[in-house]
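Chemist: Got a structure for you, questions after.
Laboratory data are not the source of any read-out in this text; all were calculated from the coordinates shown. On a predicted model such as this, the values are computed, not experimentally measured, just so you know. Here Cβ is always computed from backbone atoms with ideal geometry, including for glycine, and neighbour counts include all displayed protein chains.
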Amino acid sequence: MRVLFTTPILEHPAAGGPQLRIENSIKALSRVCELDIVYRASAHTEAVEKTSNFFRNYASEYSVLSRPIPEGLFFRGLSLAERALNRFFDTRTAGQAKYILDHIDRRRIDILWFGYGNISYPLIKYIKARKPNLKVVCDTDSVWSRFVLRELPYASGLRKLRIWRTGRKKELEERAWVKLCDVTTAVSEIDAEYYRSIADEPGRIHLFSNVIDAENYKLPPPPPAGFKKPSIYLAGSFGHYNSPMDTATRWMLEDIFPRVLQSHPEVHFYIVGRNSELGFGHMNSPHITVTGQLETVLPYLCNTDVALVPLKFESGTRFKILEAGACKVPLVSTTLGAEGIPVLNGRDILIADEPQDFAKAIARLLDDKELAKTLALNCHNLVDEHFSVESLAIEAKHILEYLNRD
């Protein structure tokens with residue numbers, strides 16, 4: 001069976017959970033089918049070429065569909081003209097669709113699989129209208145409407161209205177694609193239940209989990225130079241003041257970390273990840289280090305004492321938990337942060353939703369090494385058994401068998 005996997009975002013090394021999902025999805029699919037990849041890049045850069053060299057190893061045929069970066073006033077004028085035309089006719093979607101449809105015909109593709117399906121609906125709709133019998137998978141890394149609307153309790157004024165309108169628009173889009181696509185994937189049963197509730201045919205909703213590749217975590221690297229212990233660790237993709245990660249980090253810095261310092265004045269707080277320096281770089285101090293983006297977070301994660309998932313709103317399942325489990329690092333999470341992963345409070349991780357409880361849970365793991373070791377090992381075993389590339393390949397095989405049933 002030939003599958004064409006197409007995505008607008010591809011990155012190696014992966015700098016965040018969504019990119020890691022795409023990487024491991026490709027690894028799993030390549031084990032159970034003949035896989036082609038079309039990367040819809042915004043521009044062909046040196047980083048794109050480095051990424052492409054990695055992913056070519058998993059594809060029977062690999063190509064990058066990108067647009068050149070215009071230079072000079074003449075080309076800028078053409079770009080502005082194209083934007084004006086796009087108000088009436090989406091030329092970029094049309095161009096991408098033609099390339100993909102030509103590839104499908106030339107390679108006799110059986111299934112078109114959309115990575116980042118949450119943000120690919122215009123292209124899905126365009127292609128399905130021209131090739132209605134083509135079997136299409138909309139692969140989602142979260143319920144995007146929930147991702148948006150869960151911020152409502154933390155917003156006010158015009159932003160609250162914008163959030164509601166954006167979330168409602170995405171809900172309508174989700175209802176459209178679960179009807180249009182032959183399969184919509186969900187990362188957890190919680191997400192799957194939502195998609196089934198809005199689908200005319202609930203059988204089209206299938207699990208395709210977030211997983212990690214255990215091979216990447218087998219050899220713990222040494223700590224970075226000057227690494228301080230005891231330490232706590234928070235990693236993610238940051239971006240703007242109201243993002244889930246920025247909001248969670250402010251909660252940690254304002255309401256939780258000061259409480260931890262009262263009982264453990266020697267503890268150090270590492271804030272790691274893309275754009276973390278933009279919102280929190282000014283917080284660097286004897287007790288706080290903000291790293292910005294790293295090629296790999298493992299030197300920090302593998303050597304910290306407690307990993308944190310203090311999220312207030314988001315959707316999907318957290319790679320933060322899967323990676324900490326793979327590295328045998330104990331975790332403290334909010335209830336929402338652990339959503340979709342079958343961890344139990346006190347068995348695999350500690351869960352707390354109030355600042356004083358979250359701080360006490362951190363202090364407990366810093367003090368009780370046996371408890372920390374037990375939780376970390378239990379979480380590691382859970383991840384190893386249920387959240388591996390091997391288990392994802394089984395889910396991929398079930399989806400392909402479902403699409404090939406007739």
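Chemist: Can you give me the distance in nm between label points at T45 and A214, each placed 7 Å from the Cα along the Cα-to-Cβ direction?
Modeler: 3.6 nm
Chemist: In addition: Looking at the calculated P(r) for the chain, what percent of the C-alpha pair distances fall above 39 Å?
Modeler: Tail of P(r) above 39 Å: 21 percent of Cα pairs.
Chemist: Let me ask you something else. Could you work out how much longer the chain between D384 and R175 gets when fully extended? Use 0.36 nm per residue separation minus the Cα distance between them, nm to one decimal. Display every interim value, and only then the final one.
Modeler: Numbers: separation 209, 0.36 × 209 = 75.24 nm, distance 3.41 nm.
Taking D384 through R175 to full extension adds about 71.8 nm, to one decimal.
Chemist: Using unit Cβ charges (K, R positive; D, E negative) and no other charged atoms, how large, in debye to the nearest 20, is the dipole of the range 300-406 about its Cα centre?
Modeler: 180 debye
Chemist: Here's a follow-up. Would you be so kind as to identify which of T249, A129, V3 lies farthest towards the positive end of the dipole of the chain, taking Lys and Arg as +1 and Asp and Glu as -1 on Cβ and the Cα centre as origin?
Modeler: After comparing all options, I get A129.
Chemist: Could you size up the charge dipole of the chain around its Cα centre, putting +1 on the beta carbon of Lys and Arg and -1 on that of Asp and Glu, and report it in debye to the nearest 20?
Modeler: 1300 debye
Chemist: With an 8 Å cut-off on Cα pairs and a minimum separation of 6 or more residues, tell me the relative contact order of the range 215-386 in percent.
Modeler: The normalised contact order for the range 215-386 reaches 23 percent.
Chemist: Right, next: Any aspartates and glutamates with Cα under 13 Å of the K128 Cα? List them, leaving off those in the same chain fewer than 8 positions away.
Modeler: Once the sequence-local aspartates and glutamates are set aside, what remains near K128 is D182.
Chemist: Dipole magnitude of the range 215-386 about its Cα centre, charges +1 at Lys/Arg Cβ and -1 at Asp/Glu Cβ only, in debye to the nearest 20?
Modeler: I would put it at about 260 debye.
Chemist: Using the structure shown, list the pairs from K373/K397; K50/K170; K98/K125 with a Cα-Cα distance above 25 Å, or answer none.
Modeler: Numbers: K373/K397 35 Å; K50/K170 33 Å; K98/K125 13 Å.
In this structure, K373/K397; K50/K170 lie more than 25 Å apart at Cα.
Chemist: Order the peptides 46-55, 145-154, 227-236, 103-112 from the highest to the lowest mean number of other Cβ atoms within 10 Å of their residues.
Modeler: 227-236, 145-154, 103-112, 46-55
Chemist: Which one of P330, S388, A28 is farthest out on the positive end of the charge dipole of the chain, using unit charges on Cβ (Lys, Arg +1; Asp, Glu -1) and the Cα centre as origin?
Modeler: Result: A28.
Chemist: By average Cβ neighbour count within 10 Å, what is the ranking of 353-364, 253-264, 173-184, 28-39 from highest down?
Modeler: 28-39, 173-184, 353-364, 253-264
Chemist: Let me test this: with uniform point scatterers at the alpha carbons of the range 302-388, what is the Debye-based log₁₀ I(q)/I(0) at q = 0.15, 0.16, 0.18, 0.25 1/Å?
Modeler: The calculated log intensity ratios at q = 0.15, 0.16, 0.18, 0.25 Å⁻¹ are -0.46, -0.52, -0.67, -1.30.
Chemist: Using alpha-carbon pairs under 8 Å, 6+ residues apart, how would you state the relative contact order of the chain in percent?
Modeler: Relative contact order here is 15 percent.
Chemist: Take each uninterrupted DSSP H stretch in the chain, measure its Cα extent along the helix axis, and return the ones at 15 Å or beyond whose mean Kyte-Doolittle hydropathy is at least -0.5. It would help to have the intermediate numbers written out before the result.
Modeler: On the way: long enough: 17-32 (23 Å, -0.28); 72-86 (21 Å, 0.45); 91-107 (24 Å, -1.05); 157-180 (35 Å, -1.09); 355-367 (18 Å, -0.02); 369-386 (26 Å, -0.38); 389-403 (21 Å, 0.57).
Span-like helices here: 17-32, 72-86, 355-367, 369-386, 389-403.
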